[in-house]
1. I need the strands (runs of 3 or more DSSP E) fully contained in the range 415-519, keeping only those with at least 2 residues that are modelled with pLDDT of 80 or more and over 37 Å from the mean Cα position of the chain (by Cα).
2. Could you grab me the full set of residues in the range 130-142 that are of a type outside the set (S, T, Y) and open to solvent by 30 Å² or more (accessible area, probe 1.4 Å)?
3. Show the residue pairs meeting these rules: Cβ distance below 8 Å; 6+ apart or different chains; first residue within the range 523-537 and on the phi < 0 side of the Ramachandran plot; second residue open to solvent by 100 Å² or more (accessible area, probe 1.4 Å).
4. Could you please find all residues in the range 59-98 being of a type in the set (G, A, S), assigned to a loop (DSSP other than H, G, I, E, B) and more than 24 Å from Y29 (Cα to Cα)?
5. May I ask you to list the residues in the range 179-198 that are more than 37 Å from the chain's Cα centre (by Cα) and of a type in the set (D, E, K, R)?
6. Within the set of pairs 6+ apart or on separate chains, which have a first residue in the range 55-70 that is in the same structural domain as K115 (by the TED database) and surrounded by 12 or more Cβ atoms within 10 Å (Cβ to Cβ), a second that is part of a loop (DSSP other than H, G, I, E, B) and among the hydrophobic types (A, V, I, L, M, F, W, C), and C-beta atoms under 9 Å apart?
7. For S278, work out the one condition from (1) at positive phi; (2) open to solvent by 70 Å² or more (accessible area, probe 1.4 Å); (3) within 14 Å of the chain's Cα centre (by Cα) it doesn't fulfil.
8. Could you please let me know if S120 is in the same structural domain as F51 (by the TED database) and under 25 Å from G58 (Cα atoms)?
Amino acid sequence: MENKPIKVNKLEELLEASKLLNSTQDTDYILDYLLKKSLELIKGGDTGVIFLYNKDTGLLEIRSFVGFESGVVEAKLYPGESMTGIAFLKQGTIFFSNSKETKQAMGTMREKNMKILQNSLNKKQNKLLQSICCPLIYRGECIGVIVIDNFENPGALGEEDVYLLEAISIQATIAIINAQNYEKQLKNNEDLEKYNKMLKFEKNKYKYSTSLHSRFTEMILNGCSVEDILLEASTLLKRDVFIIDLFYNISNYVFNHYTNFDDVKLMSHNLIKYLSESKTSKYHSEDNNLHFYFSPIMVNRDTLGWFCVISDDDKYSELDNITVERSVTILALELLKMNELSNMEQTLKGDFLESLIANQNKDYIMKYAKNYGFRFDRKHQIIVIEVERNKELVGQEQHQNKFSKYIKYYYSIINEKINRIFFNSITLIKGNKIVIILQLDDDNNKEKIKLFLENIVTENNIGFFTKYGNKRVRAGVSDEINGLENFKDCYFNAMQAVKMTKDIDGEDLYYFYDDLEIKKMLLNNDKKDLEYFISKTLGALLNYRKNARKEYLETIKTYIKSNGNWTYTKDYLHIHGNTLSYRLNKIKNLLNIDLNDYNQRLRLQIAFEILDILPYMDKIEN
């Protein structure tokens, strides 16, 4: 037994240690200091470990150690496992005074933990001779265990060491609890600070969002346009912005930062595949290192277009995201307003057309004619454009809604294009048809109409309605309207011309009613006579080798229909002038004709008219 002066010295050291333990608030520091001090005071101990109980895992975990490699922390004990776990469950100090007792208690240790312990031990002698396991008790609950081991000197640990370790454990428990409470307080303070920052940020977000909403609302109330909204969004985002409509055209834009309209237009075919009708999407152009961000503009689950942002990076702040969201919302409202106005206008235009056809209520007709700038002293013509529909789907509500949406956008394109060519024309939707009342110019009206229909019927038939389901677009053009009393007849003539494109079912997607007079006369002839005329006029070309026959037929037909216009034919067929000259010379030799001779050109024109109606005659016969 130690003598009294030594015991007093150890108690004085313990007192000093307790002051230090209570002066610091760092748990790890306290545990390390506590263990080292315990080994200084308990001379018979050569290794030590402090375990703390983790309530989440239900395991005793090593938080500090002396005399082991760092890998020892991998050992985690269940309550009741080995000497430490037994002391934890007992909640009382256990002194294992000899190797037999330690071996027996350690027999409950799992094999995994035993290997970790053996591999981590720094001592040459790995046989444990003695061990003191002292639980750390706080308010009747065990929070951990402090362990002092003796591997080197038999009998070096005694009862005095047990009492001393118990005294240390009391002070240690208080210090650990204080430190943990302090750390919890620090964590709470940090959480509170984060919460205050988050609250402040959310407050700023709300303030910015409210301010932005007020700004956009004021713009709408003051009658701003889509262009005004885009300019404001571009200024706030410091990025380029534009809108893609349902035809995948760039309808509105502001390019002041990273690029220009022409460059984006060149990339537009790449952008289309990244557009989603229900969620935001992104695209990175590696060629010029531009990032595109697309947001669908939606109203009642219907997509009206896409709001697109261009930047040199893909980093958007919260305020940027709010700006995009608010811009999309206000654009949706503006586009919805434009759609509603368009619907109202469609109704009024529909009433006006019905009045013109019925030739009734002339006061009403004159009133709205004045509103539309419609002049009865000018000549007019009617175009009816019909979009074919899948008869099996016509009754389905979903199909009808989708069709209505797309035909409205088709109408908007047609309306814009036709008014560039024929000023003050009236365009309206009538079921699956778009009706155009043209106010004619003084000259070249037919050529202008042809160019318009080649673009809007033929090209858009391929480019736009393929997306909708390969629907064909056909058109019929009435004869000229010379007065109010002729509107009804001319409207139905245009409808008849549309019907003829379907009945004849040839290559032509549009007919002029005037041109159908010839077809009607030809239909009164015997089919054999017509076939004989074809054979006599075009037989050599129709029997020519297959690979060249089609292009020669297309070439001479285009040339004849354009009234011998060499430049138009070349441009329409997208061929070089030399190629056209070669083909025409070849055709003249094959058919033995002079294309400068009016009668021979007329015979060719009639032959092509017959070719158009022969399939129709076959239908009638069948």
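1. By residue number, 433-439, 473-477, 510-512.
2. Result: I137, R139, G140, E141.
3. K527/E621
4. Narrowing the range 59-98 to residues of a type in the set (G, A, S): 64, 67, 70-71, 75, 80, 82, 85, 87, 92, 97.
Within this subset, residues satisfying the condition of being assigned to a loop (DSSP other than H, G, I, E, B) are 67, 75, 80, 92, 97.
Selection gives G80, G92, S97.
5. Once the filter is applied, which keeps residues that are more than 37 Å from the chain's Cα centre (by Cα) and of a type in the set (D, E, K, R), the range 179-198 yields E183, K184, K187, E190.
6. Filtered contacts from the range 55-70: E61/A75; I62/A75; G67/F151.
7. With respect to (1) at positive phi; (2) open to solvent by 70 Å² or more (accessible area, probe 1.4 Å); (3) within 14 Å of the chain's Cα centre (by Cα), S278 is out only on (1).
8. yes
The values are calculated or read from the model by the stated rules, or taken from the named source; none is laboratory data. A quick note: this is a predicted structure, and the numbers were derived from the prediction, not measured. Ideal geometry is used to build each Cβ from the backbone, glycine not excepted, and the neighbour counts take in all protein chains shown. Accessible surface is based on the protein model in full, side chains and every heavy atom, while ligands, DNA and RNA are left aside. Shrake-Rupley method; radii C 1.70, N 1.55, O 1.52, S 1.80 Å.
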